[in-house]
Amino acid sequence: MQIQFQATKRDAQGTGASRRQRRAGQLPGIVYGGTKDPQPITLDHNELYHLLKKEVFHSSLLSVEVDGEKETVILRDTQWHPFKQQVLHIDFQRVAADEKIHVKVPLHFIGGDDSPAVKLGGCIVSAVINDIDVVCLPGNLPEFIKVDLSALDAGHSVHVSELTLPAGVELVVRGEGDAVVATALKVRGAAADTEDEGEEA
């Protein structure tokens, strides 16, 4: 289901205008991209604050209704107050159904507790990265990508190249090498405990 929210066009701009809007519980933002000019907007701060707490809001197609006109967008950037729980500004990018988009998609780790590394190897599974960059058409955008750890052995890792991507989704490779997604780490003292038990037997 596509997340929907409302906004109004923002005419008054500048630092002073933005400060007044925030004091009134409003959030300044902008919608840009596509064939239209950038459109400054104003949103309800509390509504967007709670939406931003949802993981799906950061990696899904969104529907914003600006003065009665709906547009499909993705979240591009947020600016936060350095110590208050307050969003200062938010950016959205328009998307077209036939144009690929570059986005970060969260990783969901499953099966770690059932892996040989945990059950037999005395390890804990540590996530090294929590999201990856992908390119796809808007209609193929996944909310998340699963990382199956159920076959992970002690001393081994899962790499980006081993991830199963949904149809139509391409990985964006940065730098050199095959990045580690998750790894099995030996719990300190686990090996010694096993050896002690063997000596006592």
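The values are calculated or read from the model by the stated rules, or taken from the named source; none is laboratory data. All values derive from a computational prediction rather than experimental measurement. Methodologically, a virtual Cβ is constructed for each residue, glycine included, from the backbone with ideal geometry; neighbour enumeration extends over all protein chains shown.
Here is how the numbers come out for the structure above:
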item: Yes/no for residue 177 being surrounded by fewer than 16 Cβ atoms within 10 Å (Cβ to Cβ) and at pLDDT 95 or above; result: no
item: Count of the range 6-23 residues which are surrounded by 14 or more Cβ atoms within 10 Å (Cβ to Cβ) and assigned to a strand (DSSP E or B); result: 3
item: Those residues of the range 107-130 which are in contact (Cβ under 8 Å) with a residue 40 or more places away in the chain, in a strand (DSSP E or B) and within 23 Å of the chain's Cα centre (by Cα), in sequence order; result: 107, 109, 110, 125, 126, 127
item: In the range 97-127, the residues that are among the β-branched types (Val, Ile, Thr) and more than 17 Å from residue 155 (Cβ to Cβ); result: 101, 103, 105, 110
item: Residue check, residue 155 outside the structural domain of residue 7 (by TED's automatic domain parsing), loosely packed, with under 13 Cβ neighbours inside 10 Å and over 20 Å from residue 54 (Cα atoms); result: yes
item: Wholly enclosed strands (runs of 3 or more DSSP E) of the range 26-88 bearing at least 2 residues farther than 16 Å from residue 3 by Cβ, under 22 Å from the mean Cα position of the chain (by Cα) and not assigned by TED's automatic domain parsing to the domain that holds residue 139; result: 26-32, 69-80
item: Hits in the range 1-53 - residues which are among the acidic types (Asp, Glu) and farther than 30 Å from residue 142 by Cα; result: 11
item: Any hit, the range 134-147, residues being outside the structural domain of residue 33 (by TED's automatic domain parsing), over 21 Å from residue 5 (Cα atoms), assigned to a strand (DSSP E or B) and in contact (Cβ under 8 Å) with a residue 60 or more places away in the chain; result: no
